[in-house]
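Below are the structure tokens for one structure; questions will follow.
The values are calculated or read from the model by the stated rules, or taken from the named source; none is laboratory data. As the structure is a computational prediction, the values presented were derived from the model and not from experiment. Every residue, glycine among them, receives a Cβ derived from its backbone with ideal geometry; neighbour counts consider all protein chains shown. Just the protein is used for accessible areas: all its heavy atoms, side chains included, with ligands, DNA and RNA removed. Shrake-Rupley method; radii C 1.70, N 1.55, O 1.52, S 1.80 Å.
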Amino acid sequence: ASSGTGTVNAGTSSTAQISASQTPEATVFGIGDTQEVGPFRITADAIQAGEGTNTYLQPAEGNMFIGVSFTIENISGEEANLSSLALFSAYVDDIEAKFALSSSLFLESLDDAAFPSGKKFVRAYVVEAPIGSSVIEIHFKGEFAGRESVVFTIDIPASGDAGGEDVSDISPAA
């Protein structure tokens, strides 16, 4: 198992293609892109891949954690609810990947919350997938019953590309 973590911040290359199977309501974006959907403005800030920094919470043998850090702002005139399980879904190399509740890659992974109008926060959506995976696709629906969504399709950095540095906190690049 690799002990390094790879990181890509805003301004780096990402894949932005729409697949034929996506509905017309979906649009694809990458690292550094900002979009508005439902009551939210969402920006994909950075991506990491690796085993995380917690000795006790590691991915399964042959797997790694992959996380995308997002800045999410409530742009509505009222409190809005955000649910990691209901509003986000992910695919790694076109295979469904579930939110990794036990991941230790990021200090602040995405949690369910209600937050006031005009407020924003930075959180990460993290999944577990096989080492060597190449692309993560994260779908974000702005509302529970909404049909509109945005899709962030991002190349996954090879584990260890960051030279083994501790990158457990991937605040947005300045």
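Residue by residue through region 38-74, note down the ones that are farther than 19 Å from Ala90 by Cα and of a type in the set (Val, Ile, Thr).
Thr53, Thr55
Hey, another quick one. I'd like the full set of residues that are at pLDDT 80 or above, of a type in the set (Asp, Glu) and within 23 Å of Leu101 (Cβ to Cβ), limited to region 120-172.
Within region 120-172, Glu128, Glu137 meet the criteria.
Being in a loop (DSSP other than H, G, I, E, B) and modelled with pLDDT under 50 narrows it down to one of Thr12, Thr7, so name that one.
Thr12
Same structure, new question: Looking only at region 16-30, decide whether some residue is part of a loop (DSSP other than H, G, I, E, B), of a type outside the set (Phe, Trp, Tyr) and at pLDDT 50 or above.
Yes, there is a match, as at least one residue in region 16-30 is part of a loop (DSSP other than H, G, I, E, B), of a type outside the set (Phe, Trp, Tyr) and at pLDDT 50 or above.
Consider Ala60 against the criteria (1) in a strand (DSSP E or B); (2) open to solvent by 30 Å² or more (accessible area, probe 1.4 Å): it satisfies all of them except one. Which criterion is unmet?
Tallying (1) in a strand (DSSP E or B); (2) open to solvent by 30 Å² or more (accessible area, probe 1.4 Å), Ala60 fails exactly one: (1).
Separate question: Could you tell me whether Ser117 is touching an Asp or Glu at 6+ places or on another chain (Cβ under 9 Å), open to solvent by 10 Å² or more (accessible area, probe 1.4 Å) and modelled with pLDDT of 90 or more?
Yes, satisfied.
Would you check which residues across region 120-145 are closer than 23 Å to Gln58 by Cα and open to solvent by less than 30 Å² (accessible area, probe 1.4 Å) and list them?
Ala124, Tyr125, Val126, Val127, Ala129, Ser133, Ile136, Ile138
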